[in-house]
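A.B. asks: Just passing along the structure, written as structure tokens.
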Amino acid sequence: MRRTLFLLIVGLGGAAVLVALGIWQVQRLAWKEAIIADIDARIAAAPVELPATPDPQAHAYLPVTLTGRIVRDPLHVLVSQKQVGAGYRVIAPFEAQTGDTLMVDLGFLPTSAKDTALPDGPLTVTGNLQWPRETDNFTPDPDRDRNIWFARDVPAMAAALQTRPVLVVARQVDPTLPGIDALPVDTAAIPNDHMQYAITWFSLAALWLAMTVAFLRRRRPSVSES
């Protein structure tokens, strides 16, 4: 009976822990979905003028419209698009009519069109402020001689382009830039695996209980044990 009681305690206790972890992941799922919904609402809001002092916390994803012109050659950030292949994000130094010089992510340019010249006339850009965190200890240093970057690093790009560390990711450029497809900000890249984690924990709890029942059936007390 002691062994049976021990197995019962371990079985129910382990299953309770696994179920609790699953419930925690469900709660985390609701929390993450609320954050994503808030970001989606900010992205889709009506565009406003560029703030005087854009802040990465207060103004992340803020939609803005600005008019100005590209003032120097852009940087090229190596990326890949599904069903298209390799290409570059075109990060251009942009002088707004307000006198500010900042960066604009104009969109995707195929590698074969890397040398495409950008217009020097006035452009109106509508997009969202973003400070992407794409670098880590494994990100290669940019190949400055070939003008190939391997991630968007706002401070480093701003230093290279001699602009403010502010990036507007375009969703619309007027007039349209031939050969460049906008890559607007969206929430698809935000990880949200909590449902899969919850299913895993609940499945493990069910398996744990099934194994406990199997052990208990095998440990039915014999006449000598009772």
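A.B. asks: Divide by every residue of the chain the summed helix terms, -39500 (n - 2.57) for each DSSP H run of at least 4, and state the resulting mean residue ellipticity at 222 nm, rounded to the nearest 500 deg cm²/dmol.
C.D. replies: -12000 deg cm²/dmol
A.B. asks: Report the net charge of residues surrounding Val185, where surrounding means a beta-carbon distance below 11 angstrom and charges are Lys +1, Arg +1, Asp -1, Glu -1.
C.D. replies: My count for the surroundings of Val185 gives -1.
A.B. asks: What translational D, rounded to a whole number of µm²/s, comes out for the stretch 26-129 from Stokes-Einstein when the hydrodynamic radius is the Kirkwood one over Cα pairs, at 25 °C and 0.890 mPa s? Let's see the in-between values first.
C.D. replies: On the way: Rh = 15.7 Å.
So the translational diffusion coefficient is about 156 µm²/s.
A.B. asks: Angle between the Cα long axis of helix 194-218 and the longest principal axis of the chain, 0 to 90 degrees, nearest 10?
C.D. replies: 10 degrees
A.B. asks: If you compute Rg/Rh (Cα atoms, Kirkwood Rh) for the structure shown, which of (i) 1.27; (ii) 1.10; (iii) 0.95 do you land on?
C.D. replies: So the structure-derived entry is (i).
A.B. asks: Turning to a different aspect of this structure: Round to a whole number: what % of the accessible area of the stretch 1-84 belongs to carbon and sulfur, probe 1.4 Å?
C.D. replies: Details: 3470 of 5480 Å².
Reported share for carbon and sulfur atoms: 63 percent.
A.B. asks: Say we join alpha carbon atoms closer than 10 Å with springs in a Gaussian network model of the chain; which of Ile70, Ile43, Ile190 then has the biggest fluctuation?
C.D. replies: In this elastic network of the chain, the residue with the biggest mean-square fluctuation among Ile70, Ile43, Ile190 is Ile190.
A.B. asks: Now a separate question. If we count every other residue with Cβ under 12 angstrom of Thr53's Cβ, Lys/Arg +1 and Asp/Glu -1, where does the sum land?
C.D. replies: Local charge sum for Thr53: -1.
A.B. asks: Springs between alpha-carbon pairs under 10 angstrom, Gaussian network model over the chain: which of Pro54, Pro191, Pro63 fluctuates most?
C.D. replies: Taking springs between Cα atoms under 10 Å, the residue moving most is Pro191.
A.B. asks: May I pose another question? Angle between the Cα long axis of helix 2-44 and the longest principal axis of the chain, 0 to 90 degrees, nearest 10?
C.D. replies: Result, in degrees: 20.
A.B. asks: Also: Can you tell me the accessible area per residue over the stretch 76-156, all protein chains present, probe 1.4 angstrom, in square angstrom?
C.D. replies: On the way: 4410 Å² over 81 residues.
Ligands and nucleic acids excluded, the result is 54 Å² per residue.
A.B. asks: Here is a follow-up. Rolling a 1.4 angstrom probe over the protein chains, ignoring ligands and nucleic acids, what is the accessible area of Glu49 in square angstrom, nearest 10?
C.D. replies: Taking all protein chains as shown, Glu49 has close to 150 Å².
A.B. asks: Take the alpha carbon atoms of the stretch 149-217, find their center, do the same for the stretch 66-92, and report the distance between the two centers in whole angstrom.
C.D. replies: 20 Å
A.B. asks: Of Asp181, Asp55, Asp145, which is the most mobile in a GNM of the chain whose springs link Cα atoms less than 10 angstrom apart?
C.D. replies: With Cα springs under 10 Å in the chain, the top fluctuation among Asp181, Asp55, Asp145 is at Asp145.
A.B. asks: Mind checking the stretch 1-91 for trypsin sites (Lys or Arg not before Pro) that DSSP puts in a loop (not H, G, I, E or B) and that have at most 10 other Cβ atoms within 10 Å? Could the numbers behind the result be given before it?
C.D. replies: Working: sites: Arg2, Arg3, Arg28, Lys32, Arg42, Arg69, Arg72, Lys82, Arg89; in loops: Arg72, Lys82.
Listed in order of number, the matching sites are Lys82.
A.B. asks: Using modelled backbone amide H atoms (1.01 Å from N, in-plane), which distant-in-sequence or interchain residues come within less than 5 Å of Tyr61's amide H?
C.D. replies: Leu129, Gln130, Trp131
A.B. asks: Which of the trypsin sites (Lys or Arg not before Pro) found in the stretch 144-226 are loop residues per DSSP with 10 or fewer other Cβ atoms within 10 Å of their Cβ?
C.D. replies: Passing both the DSSP loop test and the Cβ count: Arg144, Arg146.
A.B. asks: Now for a different question. From the phi angles alone, apply the Karplus equation (6.51, -1.76, 1.60; θ = phi - 60°) to the stretch 104-110 and give each ³J(HN,Hα) in whole Hz, x where the residue is Gly or Pro.
C.D. replies: Whole-Hz 3J(HN,Hα) from phi for the stretch 104-110: 10, 7, 6, x, 9, 10, x.
The values are calculated or read from the model by the stated rules, or taken from the named source; none is laboratory data. Note that the structure is predicted; figures quoted are calculated from it, not measured. Glycine also receives a Cβ, built like all others from the backbone with ideal geometry; neighbour counts cover every protein chain displayed. Side chains included, ligands, DNA and RNA excluded: accessible areas come from the protein's heavy atoms. Shrake-Rupley method; radii C 1.70, N 1.55, O 1.52, S 1.80 Å.
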